[in-house]
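Okay, so here's the structure we're looking at.
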Amino acid sequence: MVRRRDFMKLAGAGAMYSGLAPVFGRETGSSFPLSQEEKKKDLFGIGIAGYTFARVPIEKAIEIMKKVNVLRLSLKDVYLPMNSNEATIKSVIERFRAEGITVYTVGVIYMKSEQAVDQAFEYTRMAGLKMMIGAPNYELLPYVEKKVKEYDIRIAIHNHGPDNTLFPNATDIWNNIKDRDPRMGICLDIGHTTRDGADPSVDAERYRSRLFDIHIKDVTAAAKEGKTIEMGRGIIDIPRFIATLRKIKYSGMCSLEFEKDMNDPLAGIAESIGYFKGVAAV
């Protein structure tokens with residue numbers, strides 16, 4: 001297992017704050033370059049989950065993504081309210097696209113009524129996307145399944161850990177969707193998984209047939225009190241998790257959800273992305 005101390009010896013700790021413009025972007029001759037052979041071995045991509053930017057303006061979010069060279073975004077409604085019309089939705093997505101950033105999904109979208117389900121599917125359709133990250137109430141799952149079939153849009157249900165009785169873990173999601181349409185799957189939040197006492201590597205392998213999206217992060221403890229921390233500083237075995245993704249041939253996104261220093265998250269994002277990319281390159 002590559003622990004943080006050993007990884008930093010490999011990667012070069014001094015790269016962490018050297019101007020930040022080339023920080024950790026493998027494709028731009030950064031501190032963690034990948035050979036063409038290495039690039040080919042991973043089917044998964046790296047993105048950023050929109051909640052990371054809940055407290056920064058859209059201009060700052062774009063600037064951060066470009067600085068760390070992570071150009072795929074799971075868009076949260078902080079920049080695109082759920083009641084937005086189609087023209088507004090397309091203009092916001094185009095704003096990111098003009099900066100080289102691809103919005104690959106939206107959410108997490110909470111659904112507490114059939115009307116909210118309708119709105120979520122229309123919102124995703126107007127965005128031109130084929131998947132949303134969602135958290136519908138349990139009793140709405142039959143209606144969600146109906147809409148999945150009607151729109152041909154996948155839903156990845158997000159686990160929220162011990163703080164929330166609605167889908168606290170991947171097992172709960174699995175048990176509620178396993179007999180439903182195969183376009184209903186899981187967005188595995190590895191931090192909340194760990195805080196709920198489960199092993200994200202085990203869950204990723206166990207539920208791989210419905211694993212649509214992943215929120216990556218690190219946490220301080222495998223308990224409700226665990227907090228987000230820079231990746232590599234916490235308790236999650238990231239090298240093992242990456243090895244599991246390769247084993248199961250996971251081909252979705254791994255999006256960083258950094259819930260620390262949210263008013264000024266650049267340094268933590270850069271360190272976390274650098275650690276994840278660096279471990280993936282070893």
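The values are calculated or read from the model by the stated rules, or taken from the named source; none is laboratory data. Everything numeric here is computed off the predicted structure, so don't read it as measured data. In this analysis, Cβ positions are derived from the backbone assuming ideal geometry, glycine residues included, and neighbour counts consider all displayed protein chains.
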- Requiring at least 3 residues that are at pLDDT 95 or above and under 20 Å from the mean Cα position of the chain (by Cα), the helices (runs of 4 or more DSSP H) wholly within the stretch 59-167 are 86-98, 114-126
- Message: For the stretch 92-138, give me each residue that is at positive phi and buried (at least 16 other Cβ atoms within 10 Å of the Cβ).
- Response: Gly107
- For Asp213, which of the numbered conditions (1) within 21 Å of Lys247 (Cβ to Cβ); (2) touching a helix residue (DSSP H, G or I) at 6+ places or on another chain (Cβ under 9 Å); (3) of a type in the set (Asp, Glu) fails to hold? (2)
- Would you call Asp181 charged (D, E, K, R) and assigned to a helix (DSSP H, G or I)? no
- Somewhere in the stretch 187-194, is a residue at pLDDT below 95 and either on the phi > 0 side of the Ramachandran plot or acidic (Asp, Glu) (or both)? no
- Query: Quick one: which of Lys178, Lys217, Lys227 is among the basic types (Lys, Arg) and out of contact with any strand residue (DSSP E or B) (no Cβ under 8 Å at 6 or more places or on another chain)?
  - Reply: Lys178
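Does Glu114 satisfy the condition of being acidic (Asp, Glu), over 25 Å from Leu140 (Cα atoms) and in contact (Cβ under 8 Å) with a residue 24 or more places away in the chain?
no
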- Task: Give the residue, chosen from Leu71, Leu75, that is in contact with a strand residue (DSSP E or B) (Cβ under 7 Å, 6 or more places away or on another chain), within 25 Å of His160 (Cβ to Cβ) and not charged (D, E, K, R).
- Result: Leu75
- Message: Given the criteria in contact (Cβ under 8 Å) with a residue 12 or more places away in the chain and out of contact with any helix residue (DSSP H, G or I) (no Cβ under 7 Å at 6 or more places or on another chain), does Met65 qualify?
- Response: yes
- Message: When the residues of the stretch 74-111 are narrowed to those that are charged (D, E, K, R) and touching a residue at least 12 places away in the same chain (Cβ under 8 Å), which ends up nearest to Thr52 (Cα to Cα)?
- Response: Lys76
- Query: Which residues, taken from the stretch 188-215, are surrounded by fewer than 23 Cβ atoms within 10 Å (Cβ to Cβ), hydrophobic (A, V, I, L, M, F, W, C) and in a helix (DSSP H, G or I)?
  - Reply: Val202, Ala204
- Query: If a residue has to be of a type outside the set (Lys, Arg) and exposed (fewer than 15 other Cβ atoms within 10 Å of the Cβ) to count, how many in the stretch 147-175 make the cut?
  - Reply: 6
- Within the stretch 234-245, is even one residue in contact with a Lys or Arg (Cβ under 7 Å, 6 or more places away or on another chain), surrounded by fewer than 22 Cβ atoms within 10 Å (Cβ to Cβ), touching a residue at least 12 places away in the same chain (Cβ under 8 Å) and not β-branched (Val, Ile, Thr)? no
- Message: When you check Ile236 against the structure, is it within 16 Å of the chain's Cα centre (by Cα), of a type in the set (Val, Ile, Thr) and either part of a strand (DSSP E or B) or modelled with pLDDT under 95 (or both), yes or no?
- Response: no
- Message: Could you go through the stretch 249-262 and let me know if any residue there is hydrophobic (A, V, I, L, M, F, W, C), within 15 Å of the chain's Cα centre (by Cα) and either in a loop (DSSP other than H, G, I, E, B) or closer than 14 Å to Ile64 by Cβ (or both).
- Response: yes
- Leading residue by the ranking (surrounded by the most Cβ atoms within 10 Å (Cβ to Cβ)) among those in the stretch 248-263 that are touching a residue at least 12 places away in the same chain (Cβ under 8 Å) and under 17 Å from Arg55 (Cα atoms): Phe258
